[in-house]
Amino acid sequence: MATLRAVDNAPIGVMFDHYHKKGEWMISARQSHIEMSGNIFNGNAISAANVMLMPNSLSSQLATHPIVPEKINMKMTMMGLMFTPTNKITLTPIINFIP
């Protein structure tokens, strides 16, 4: 019988690397860190004032962007659980925690 190890699979974000059989469980934990400063539009730096003047395609109520980030520093932990009730269905709830 082959021994299963975590390093035998692709990284957690790679889909369809392997399949689970009926009745199998898998838990996962992933941490990420994101840092951003400044704004870029079409590959060029753009000021926050100019971003605020741009049309807001994400809202039907606000014509322009009322708030523009200048700097972001975020850490996030994702907890995942997989359960396979049949050989063709895998259930995957994921919980995000941002401290």
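The values are calculated or read from the model by the stated rules, or taken from the named source; none is laboratory data. In this text, all values refer to a predicted model and were calculated from it rather than measured experimentally. Here the Cβ is made from the backbone with ideal geometry for all residues, glycine too, and neighbour counts use every protein chain on show.
See the values below:
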{"item": "Complete set of residues in region 62-84 that are surrounded by fewer than 13 Cβ atoms within 10 Å (Cβ to Cβ) and out of contact with any Leu (no Cβ under 9 Å at 6 or more places or on another chain)", "result": "L62, A63, P66, I67, P69, E70, K71, I72, N73, M74, K75"}
{"item": "Test: N87 is over 20 Å from G38 (Cβ atoms), at pLDDT below 85, loosely packed, with under 13 Cβ neighbours inside 10 Å and not basic (K, R)", "result": "no"}
{"item": "Considering residues of region 41-52 that are of a type in the set (A, V, I, L, M, F, W, C) and loosely packed, with under 10 Cβ neighbours inside 10 Å only, the residue farthest from the chain's Cα centre (by Cα)", "result": "A49"}
{"item": "Residues of region 85-99 satisfying the condition of being within 12 Å of I27 (Cα to Cα) and among the polar types (S, T, N, Q)", "result": "T92"}
